[in-house]
Amino acid sequence: MDRLDWIQLIGQVVAVLFVMAFGACIGSLLNVLVYRLPLGLDVVTPTSRCPSCETYLTWRENIPVFGWLLLRGKCRFCRSPISPEYPLVEGYVALLWAVVFLMLYADGGKFLGLDFSAFQPEWARAGIVTTWPIFLVVLCLFSNLVAMTLVDAKTCFIPMPLTTVPVVFAVIVHPIAAWWIEHKRGRLPFAAEGWTWAIATPGPHSWWWIGASIGGVVGLVLAYALLRFKLIRRSFEDYEAWEKAELAKAAASPTEAASGEASPAVPASTTETVTAPPPPAEEPPPAPPSPAVQMALRLLVIAMVLGTVGYLWYRQSWAVGDVLSWGVIVVFPILGLWALMHVGSQSQTEPPELWIQYPHARREMLKELLYLAPAISLAMAGGALALRVAGSEATGGATAPLWLMALSGVLLGYLIGGGIVWATRIFGSLGFGKEAMGLGDVHMMAAVGACIGWTDAVLGFFGAAIVGVMLALLGTVFSGKFRKAMPFGPSLALGTMLVWFAKPAFEAFLSFLFKAEVNLP
C-alpha cells in the first residue's frame, strides 16, 4: 500500500469509529427506553440512576460500554451488580450502525479485506453526500427494532412510541430528500431497475396508487378520531375486567378445594362473560426433549453449518473474504439481535398465557373491521379521484413529481406493511376463535413498510414466519422447554433484517421462482 492508500484507509477507519460512537450513544438511549417505556415512566426526566440505591449517575458512569467495563459491572456507590444487557445493547447497536454504514458506503465496496459491494443497494452508489437522509431513516428503523425486540421479549408488549417515531421520521425525510434531489439533479442518480426511489413507490403515472395511499391514511386518521370521540368502540376493551375475574377465580379455587366448599352456581345470564378453560397453571407442562435428543440436534446444527462453509471453501465457490463478508453483513445482525432477545428475556418470568383463553376474539374482530372501514373506503375513493383528476399515461395524464412518489411510497409501505399483519390477525382470530397476533406487530410492520418500503415489509413478514418456527425449535432444543405462546415481534424484526441485509439472496430466489429477473429497491 502506498501513502495515499494508507491515508484513505485511516480516513475510512475514523469514519467507521465515528459512526460506531454515535451508535453506542443511541444504544444507551435504547436501554433507557427499554427500561422506562413498559413502566410508563418519562424517558427524559429524571436522569439515569442506580435502580438499587437510586443514586443519580454522573457522566462517567454513563459512557457507553466503557462505563460498565470501568465499573467492572457494579454500581460505584452501592456495589450492586449491573446487568450486562446494558453494554451488550450499546455494543451491538454500535456495530450494527457500522455494518450498515460499510454496506452502503465502503470505499470501493471494500473495508479491511471484506467485500461489501455485492450487498450495496443501487441507491447508495450516489454516495453519502446525496443519500445520507435515507441512511438515517434505515438507522432509525433498525435502532427502534432493537428496542421493540427487547421490550417484546420481556413483556410481550410493544410500546407505541417505538413504532411511531420511525414512521414520522420516514414521512418527513423521504419526501424532503426526494424534493431536494429532484431540485438539484432531476432524479435519484442510481436506483434499482424499474424503480424511481430508494424504496418501492408508485410510478410517475400511477395516480390511482398515489390517491389510494393518501386516502387510506386519511381514513385511518378519521377512524382514530371516531375512536377518540367514542363514536366507535375499541376492541378488547373489556379484556382487563375479564382477566381480573379469571385470576380471582384461579386464586380462589385452591382455597375452596381445601375447605371442601363447592363453588357457587353461576347464573345462566353471566355464563358467556366469565366461563373459560382452567387456568394454565393447572395444566401439566409439556415434556421436554430428552438430553440425548437435545445433544443430537445441537450437533446436527453445528455439523450443517460447518459442512456448508467447508464445502463452499473446498469448491472455491467463495473465497475466505466472501465467507467473512456474508458473516459480518448477514449473520452478525441476525444472530446478534437474537442473542440480545435471549439475554433480555432472561429477566422475565414465563409470560401469562391467559389472553389465549379470552372467549370473545371473533366478536372483537368485527370491531376492528369497522375501524378499518373508513381507510378501505377512502383508499378506493382517493384512487378513483386521483385518476379522474390527473389522468393516466395512456390518456396523456400529468407526471407525478419525485417527492410525491416518495411520499406515496412511504404511505403505501405503512398501509401494506401493517395491513398484511392486520389481515392475518383478523382472519386468524375469526378462524381459531383466539387472538392471533397483537396490534403491536401491526404497528411494527407498518413502520418497516414506511421506512424501507412495502416490498421489504411483505418479504419480512413471510420471512418472520420461517424465523418464528426456527426460534421455537431452537428454544426447545437449547432450553428443553416449549412455550405455547411466544411474542411474534422479535421474529418480525429478525425477518426484516434478514431481508434487508441478504436482499441479493432473496432477489435470486424470487428470480428463480418467477422465472424472470427480480430487482428490488
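Nothing in this text is a laboratory measurement; each read-out follows from the coordinates by a stated rule. Fair warning: this is a prediction, and the values are worked out from it, not measured in the lab. Please note: Cβ atoms are built from the backbone with ideal geometry, for glycine as well, and neighbour counts cover all protein chains shown.
Label zone (F77, point 7 Å along Cα-to-C-beta; backbone nitrogen cut-off 14 Å) within segment 30-49: 46-49. Segment L112..A381, full-extension length gain: 91.4 nm, with 0.36 nm per residue of separation and the alpha-carbon distance subtracted. When both segment 61-93 and segment 1-32 are represented by their alpha-carbon centers, they are found 22 Å apart. Would you mind checking segment 487-506 for residues with the amide N under 19 Å from a putative spin-label position 7 Å along Cα→C-beta of F332? Counting only backbone N, you get 494-505. Model label points for E54 and V13, set 7 angstrom from Cα along the Cα-to-Cβ axis, are 4.8 nm apart.
Want the number for R388 to C25: 0.36 nm per residue separation, take away the alpha-carbon distance, what's left? Display every interim value, and only then the final one.
Numbers: separation 363, 0.36 × 363 = 130.68 nm, distance 4.98 nm.
Between R388 and C25, full extension yields an extra 125.7 nm.
Neighbours of L404, meaning other residues whose beta-carbon lies under 15 angstrom from its beta-carbon, give a summed charge of 0 when Lys and Arg score +1 and Asp and Glu score -1. Here's the list of lysines a cross-link from K74 could span, going by alpha-carbon distance under 27 Å and ignoring same-chain residues fewer than 8 apart: K154. Projecting the Cα atoms of F101, W59, C25 onto the dipole axis of segment 1-104, where Lys and Arg carry +1 and Asp and Glu carry -1 at the beta carbon, places W59 farthest toward the positive end.
Derived scalar couplings between HN and Hα for segment 37-52 equal 4, x, 8, x, 8, 5, 8, 9, 10, x, 5, 4, 8, 5, x, 8 Hz in order, rounded to whole Hz, by the Karplus curve 6.51 cos²θ - 1.76 cosθ + 1.60 (θ = phi - 60°), x for Gly and Pro.
In the calculated pair distance distribution of segment 1-104, what percentage of Cα-Cα distances lie above 25 Å?
On the way: 1679 of 5356 pairs.
Summing the P(r) of segment 1-104 above 25 Å gives 31 percent of all pairs.
Once the Cβ-Cβ distance of W179 and A250 is raised to the sixth power relative to R0 = 45 Å, the FRET efficiency obtained is 0.15. Translational diffusion coefficient of segment 56-150 (Stokes-Einstein, Kirkwood radius from Cα pairs, 4 °C, 1.567 mPa s): 83 µm²/s. Taking amide H as placed 1.01 Å from N in the peptide plane, F111 has its amide H under 5 Å from the amide H of F116, each at least 5 places away in sequence or on another chain.
PRE reach from A225 (point 7 Å along Cα→Cβ): which of segment 374-414 fall under 18 Å by backbone N? Backbone N within reach: 374-382.
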